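Have a look at the structure below before the remarks.
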Amino acid sequence: MRDIWGMIGRRLLLGLLTLFVISVVIFGATELLPGDLARELLGQSATEETLAALRDQLGLNDPAPLRYWHWLTGAIQGDFGVSMATKKPIADLVGARLGNTLFLALYAAALSVPLSLALGVMAALWRNSVFDRASNALALTSISFPEFFVAYILVLWLAQSGLFPSMVRITPATTFGDRLYMAFLPALTLTLVVTAHMMRMTRAAIINLLASPYIEMARLKGMSPLRVVLRHAVPNALAPIINVVALNLAYLITGVVVVEVVFVYPGLGQLMVDAVTNRDIAVVQAIALIFAAAYVLLNLIADVLSTVTNPRLMHRR
Amino acid sequence: MTVLIALLVGLALFFATGLAARVALQAGAPAPLKPLFRDMPLTAAFGLAVILFYILVAILAPVLAPFSEHEVLGGQYLPWEAPHYLGTDKLGRDMLTRLIYGARNTVGIAFATTVLAFVVGSILGIWAAVTGGWIDQALSRFVDALMAIPALILSLLLLTIFGTSVLTLILVIAAVDATRVYRLARSVAQGIVVMDYIEAARLRGEGMWRLIRREILPNAMAPLVAEFGLRFCFVFLAISALSFLGLGIKPPTADWGSMVRENATLITFGDITPLLPAGAIALLTVAVNFVVDWQLHRASGLKE
């Protein structure tokens, strides 16, 4: 057990280091501009006074490391500064929307993970059958579809007939059941986009193991194919499966941006797109940091879980 | 019911195109290439046919298009009737014309971006692998830091800073994707650099550029070509997504992503016109994926 905690501790430190580097990149990106941010934002016709005022407001007169320090310590305490476009504190803008986006991502994960694992096991069980070939072609196809294409097909098919709403209006008063109902189409879109890849990788991970001697042994004992796969192959295939699940959940984080815009879902992605349009750099930095942190966290969890499921990885010589 | 019929028609078209393309390619190919096309799966034949079709449309756009790209021709959102066979868009421009020009603009920009990402990424990657030492370390750690941020998020951040125009779009996406190409090129080149013939070439006194061009690139070509196809798909989808979000290619340039965005309201009335540009994007990506899949399968020598 001590090994596990030690390993988790080390991974956590590594994750924090990654996050630190990411925050430097996100903050430092503004330093790439040839001129300064104030001129870039206000355009060439801005007068010296307005430029000076904006520089003062953004704190651009301080040296970069000092500004970074203020930004980082603020961000850790949940204070991301003030949005330039709306003049509101960014924490207020982000707060409610973060919950909505998390809800959507979790919803999509809850639909897609069991679905893709079940389909992957089925494809491995009936490999080279019509089902397997069809699922392969479908997987390649759905990976190639842009999210908005899938989304609009679903709108045309399911929202046109009035089954589900094509726009999501969530207020704090919305009940959980209503939320599930209203967010069904966005969640289904995300599910369709990520399921194919997870399913293919699950199938590949299981099939890789099927040539092993212990699988042959289990077969020779007279076990049913389903039992062989579930009892002997899946536990050993867990590490790669967990990794690919984490990878796709991380993909969900960026996938929500487009899907939220299609369904007018009040989440972080929508806020980020608006902020990019208005060049509201402080908001974009804050959201980028949140998304990147979630990405790092997911990879960290996957790392730990896949190590825990494989005893051999824990006792390295 | 209509969904089922559409699905069946789609499948029939897919088989017909695939079979026709396979027969045509076998008949038309020069003798040394014939065995290559004989064992080609139907999906790959279909993919090749679609890619050729897109290239033709992109090149011949001014000849094929019935109207001009930016011309406002009449009422907005006209139905599918002659002379506007696919109706008109929000501003009354001919949909079919804009779809055809979109092949030129969207695919052209995506292709240019991919080439740029590839040239930068693979040269830097191979250079880092050949040089080694602190240059390799510095470049690789820098790329690692960039890759720790999801691609779309990083592109959005860079677009905020540099503003949204076609040129910045190309540069930003190319920069983001070059990091991925760099990773692959470096790892492929690292396997080659330790070979004896590289050592021999070095002792012979070959310079860095010649070493990369004559010794390493030819041997790293196969994985890089497959990666080019996959990378093109990612770039193409990224550019379409950004244009769809209103942050990429700007009107009045005909572009598939922004065409979906502009006409999306029609969907809620049950009109499928906005799905056409989205479908055009999807079809090309599927086609490229099919061909890449076939090439990867051939290169790995796998027989399932």
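Counting only other chain Cβ atoms within 10 Å of each residue's Cβ, the peptide B:239-246 averages 5. Extension gain for B:Leu42 to B:Val166 (0.36 nm times residue separation, less C-alpha to C-alpha distance): 41.0 nm. Scan chain B and note any complete DSSP helix (H) whose C-alpha atoms cover at least 18 Å along its axis and whose Kyte-Doolittle average is -1.0 or more. Going by DSSP H runs, the hits are B:2-28, B:42-59, B:95-131, B:133-147, B:166-193, B:217-244, B:275-300.
Sorting A:Tyr295, B:Tyr197 on solvent-accessible area from highest to lowest, probe radius 1.4 Å, gives B:Tyr197, A:Tyr295.
Amide H contacts of B:His84: none lie under 5 Å away among residues 5 or more positions distant or on a separate chain (H built 1.01 Å from N in the peptide plane; Pro and chain starts excluded). Projected onto their three principal axes, the Cα atoms of the protein assembly as shown cover extents of 79, 73, 66 Å, largest first. Accessible surface of the protein assembly as shown, 1.4 Å probe: 69 percent of it comes from carbon and sulfur atoms. Applying 1/(1 + (r/R0)^6) with r as the Cβ-Cβ distance of A:Thr171 and A:Val130 and R0 = 56 angstrom yields a FRET efficiency of 0.75. Mean partner shielding of peptide A:274-282, defined as the number of other chain Cβ atoms within 10 Å of each residue Cβ, is 4. The contact between chain B and chain A removes approximately 3800 Å² from the accessible area (both sides summed; 1.4 Å probe; ligands, DNA and RNA excluded). Partner lysines whose Cα lies under 30 Å from the Cα of B:Lys250, excluding those fewer than 8 positions away in the same chain, are identified as A:Lys87, A:Lys88, B:Lys90. The residues of the range A:205-251 present an accessible area of 55 Å² per residue when probed at 1.4 Å with all protein chains retained.
Selection among B:Leu91, A:Phe263, A:Asn236 by position relative to the dipole of the protein assembly as shown gives A:Asn236 as farthest towards the positive end (Cβ unit charges, Cα centre). Our coupling estimate for the range A:160-169, obtained by passing each phi through the Karplus curve with A = 6.51, B = -1.76, C = 1.60 and θ = phi - 60°, is 4, 7, x, 5, 10, x, 8, 10, 9, 10 Hz, Gly and Pro reported as x. Computed over protein heavy atoms with a 1.4 Å probe, the accessible surface of chain B works out to 47 Å² per residue. Note on chain A: the C-alpha convex hull projects to 22.2 nm² when averaged across all orientations.
Other protein chain C-beta atoms within 10 Å of residue C-beta, averaged over B:288-297: 1.
Treating each Cα of the range B:67-146 as one equal point scatterer and applying the Debye formula with no solvent, the log10 of I(q)/I(0) at q = 0.13, 0.27 Å⁻¹ comes out as -0.58, -1.12.
The residues of the range A:139-154 listed by number as losing at least 30 Å² of accessible area in the complex, against the isolated chain and with a 1.4 Å probe, are A:Leu140, A:Ser144, A:Pro146, A:Phe148, A:Phe149, A:Tyr152. Annotation: amide H of A:Val82 within the under-5 Å range of A:Ile90, sequence separation 5 or more or interchain, hydrogens built in the peptide plane. Shown here are the Rg and Dmax of the Cα trace of the range B:101-300, at 19.5, 71 Å. Couplings 3J(HN,Hα) of the range A:241-251, computed from phi: 5, 4, 4, 6, 5, 4, 4, 6, 5, 5, 5 Hz, in residue order, whole Hz [Karplus 6.51 cos²θ - 1.76 cosθ + 1.60, θ = phi - 60°; x for Gly and Pro].
Between the beta carbons of B:Gln76 and A:Leu180, assuming R0 = 30 Å, the FRET efficiency works out to 0.20 to the nearest 0.05. Our coupling estimate for the range A:170-181, obtained by passing each phi through the Karplus curve with A = 6.51, B = -1.76, C = 1.60 and θ = phi - 60°, is 10, 10, x, 7, 5, 6, 4, x, 4, 4, 4, 5 Hz, Gly and Pro reported as x.
The values are calculated or read from the model by the stated rules, or taken from the named source; none is laboratory data. Bear in mind the structure is a predicted one, so any value in this text is a computation, not a measurement. Heads up, the Cβs are rebuilt from the backbone with ideal geometry, glycines too, and the neighbour counts pull from every protein chain shown. Areas reflect the complete protein model, heavy atoms only, side chains present, ligands, DNA and RNA absent. Shrake-Rupley method; radii C 1.70, N 1.55, O 1.52, S 1.80 Å.
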